[in-house]
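*Asks:* Let me begin by handing over the structure; questions about it come next.
The values are calculated or read from the model by the stated rules, or taken from the named source; none is laboratory data. Since the model is a prediction, treat every value here as computed from it, not as a measurement. Backbone-built Cβ (ideal geometry, glycine too); neighbour counts: all protein chains shown.
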Amino acid sequence: MTHNYDLFGTDEPPVERRDFVIGRLSFSIENGALRHFGMDGTEAIRGIAFLVRDGDWGTLVPQITDETLEASELALRLQYQAQYKTQTAELTVKVSIQADQSRLIVSATGRAKGHFETNRAGFTVLHPIRDVAGAPVRVDHSDGTSSSSHFPSNIEPWQPFKDISALTHNAGTNAVTCRFKGDTFEMEDQRQWGDASYKTYNRPLAEPWPYLIPDGTDLRQSVEVTWQTTTSANASTSEEAPKGAHFPQMALVISPDDAARLALSPIDLEVVKPQRLLCHLDATLGDTSQQFVAFAQAQAACPSTLFDLELICRCDANPEPELQELAAQMAASGFAPYSIMVCPSVDRQSTPPGSDWPDCPSLELIHNAAANAFPCILRGGGMASFFPELNRKRPPVAMLDFISHGLCPIVHAADDLSVMETLEAISHITRSARSIIKDKAYRIGPATIAMRQNPYGKRTIPNTTNGRVCMTDDDPRHRAKFGAAYAIGLATALAPSGIEVWTPASLYGPRGVIRDQGVWPLTDALRLLGELAGQPVRTAEVTASKARLTVRDTAINVNLTAQMREGLGPYEWQAIA
């Protein structure tokens, strides 16, 4: 086994990172993208990148050629050519990065060969969230006007700012201005998806997508960053220590096919010993009676485990007949779940800003029908997908016993650093969710590196090269040391939030804990975390390089980087009782 395979589950090497310092400026460049632009040690811009998305919002990986670099202590100039391909067309873009001690300019000129279909093609600029969330910002618009506002504190479901020509915010003792040219830009609160950033991007979502860049069409865009000293600085923010939080119970996801397998081999649960199983039943697939039978067989084989049902319903204009029929089938099968989370099938797909909501009965009508069909079982709502969908279509909290949503760290970027950086946004998600659900029981999951279903396209993205792919349903890092480190980091980030149940993996499959021989590193980590369920959380801290979690008398330290840190090897963890 190679070093890369041991750490990441793939021999594909990590993205090469090059660090630069120009006077008081510092930044790095990865795959042509600029990251962590800072002054005097304070991060001002999280990233600037030219990105191209396909019709399923998958990120197209360009072929980069013809790179030239001129760098000194006073200035830098980097140029390269990026070629993006679809099945029918190409987009060739020349990118230039220029930096000196007075400004940073990133520009792009491109041309389509063939009619190039895309959901987005252009610059995205990321503002960090640490010491920025809730802080003042000035927004300049294309008509020459400007307005004073604040970056959202709680996560904003819709675009906080539109028609942006420039943004000015404080970073340390500097007022930093970021100017956009070449298209209409707007901002989304990327914390919704777990990204630790606010993202400004080109082409408003209200415009039709996918769209075509016609054959021979030229594209020109630029981003300019300047700064000046200011006497005012953003107040430093820090996360609150856990108060009365107890570590959540652990669940693993099973499908009906998984349930049939588990019924024949109940000892498989001993690998991790979860307190619960989350049974995913999709009524749109048909043969629901047999799906219930499979879960009943697994429940009979594993009597000491709690079974929860995640019920995906068709939800016709009147949901009552469907739910009554499902309740009758469940009773006939003998399956008796501890709780039921009902989610309309159409809500598994996201409804972005500017799009029409799909036909669906109101959530109040659906959950009233569920209460009639399942009167003696704990009932939940929320989303089988992620927080953005819950934030945009909020459940009738008063009608429900618990609220749930999933997490996924590879919606927008799949490199190792970006995945670990999503842990920084977890407390923002849980705090924003709490503002919606108040003191209702709160469940998280599934929360795996890979997606089980893509709310933003027609499919998850195939991972034919066993690499790092956005929105794929099979990420090799899940099964390597990286996956164990990420799970412990996620558990640490969730620990202060009073989560009742978290679901960090499936039982079987590419996002599971069972392999043909031996165990994956994730398995050992989840076994330990499962033993902590119900115990008081003493400390929970996540930084850019490590996570520290203390639950009652068990202290866990994990290295979240590929370098040796404080006596721990790459992505290594240690528990002390």
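*Asks:* Can you find, within segment 249-259, the residue that is surrounded by the fewest Cβ atoms within 10 Å (Cβ to Cβ) among those that are more than 15 Å from ILE514 (Cα to Cα) and in contact with a helix residue (DSSP H, G or I) (Cβ under 7 Å, 6 or more places away or on another chain)?
*Replies:* Among those residues, the one meeting the criterion is PRO256.
*Asks:* Moving on. For residues that are farther than 13 Å from CYS313 by Cβ, among the aliphatic types (A, V, I, L, M) and crowded, with 21+ Cβ neighbours inside 10 Å, tally how many sit in segment 349-386.
*Replies:* 1
*Asks:* Further question: Here is a list: PHE180, PHE116, PHE185. Which entry is among the aromatic types (Phe, Trp, Tyr) and within 25 Å of the chain's Cα centre (by Cα)?
*Replies:* PHE185
*Asks:* Quick one: which residue in VAL132, VAL61, VAL125 is among the aliphatic types (A, V, I, L, M), surrounded by 16 or more Cβ atoms within 10 Å (Cβ to Cβ) and assigned to a strand (DSSP E or B)?
*Replies:* None of the other options fit; the residue is VAL125.
*Asks:* Filter segment 497-532 down to the residues that are closer than 13 Å to PHE247 by Cα and touching a Ser or Thr at 6+ places or on another chain (Cβ under 7 Å), then identify the one that is surrounded by the most Cβ atoms within 10 Å (Cβ to Cβ).
*Replies:* Within segment 497-532, the match that is surrounded by the most Cβ atoms within 10 Å (Cβ to Cβ) is LEU532.
Listed here are the residues, each with its yes/no results for (1) touching a helix residue (DSSP H, G or I) at 6+ places or on another chain (Cβ under 7 Å); (2) among the hydrophobic types (A, V, I, L, M, F, W, C); (3) in the same structural domain as ILE429 (by TED's automatic domain parsing).
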| position | (1), (2), (3) |
| --- | --- |
| ILE461 | no, yes, yes |
| THR465 | no, no, yes |
| ASP474 | no, no, yes |
| LYS481 | yes, no, yes |
| ALA487 | yes, yes, yes |
| ALA493 | yes, yes, yes |
| SER497 | yes, no, yes |
| THR503 | no, no, yes |
| LEU507 | yes, yes, yes |
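*Asks:* Just checking, does segment 74-89 include any residue being part of a strand (DSSP E or B), more than 30 Å from the chain's Cα centre (by Cα) and over 17 Å from SER222 (Cβ atoms)?
*Replies:* Scanning segment 74-89 turns up at least one residue that is part of a strand (DSSP E or B), more than 30 Å from the chain's Cα centre (by Cα) and over 17 Å from SER222 (Cβ atoms).
*Asks:* Taking segment 475-521 as the region of interest, how many residues are in contact (Cβ under 8 Å) with a residue 12 or more places away in the chain and assigned to a loop (DSSP other than H, G, I, E, B)?
*Replies:* The number of residues fulfilling the criteria is 16.
*Asks:* Select, from LEU306, LEU285, the only residue that is in the same structural domain as GLY512 (by TED's automatic domain parsing), surrounded by fewer than 23 Cβ atoms within 10 Å (Cβ to Cβ) and touching a Lys or Arg at 6+ places or on another chain (Cβ under 9 Å).
*Replies:* None of the others qualify; the one that does is LEU306.
*Asks:* Return the total of residues in segment 328-344 being of a type outside the set (S, T, N, Q), surrounded by 18 or more Cβ atoms within 10 Å (Cβ to Cβ) and assigned to a helix (DSSP H, G or I).
*Replies:* Total meeting the criteria: 1.
*Asks:* Whether any residue in segment 65-74 is surrounded by fewer than 21 Cβ atoms within 10 Å (Cβ to Cβ) and within 15 Å of PHE123 (Cβ to Cβ) is what I want to check.
*Replies:* no
*Asks:* Out of the residues in segment 434-485 meeting the condition of being surrounded by fewer than 24 Cβ atoms within 10 Å (Cβ to Cβ) and among the acidic types (Asp, Glu), tell me which one is nearest to the chain's Cα centre (by Cα).
*Replies:* Restricting to residues being surrounded by fewer than 24 Cβ atoms within 10 Å (Cβ to Cβ) and among the acidic types (Asp, Glu), the top hit is ASP473.
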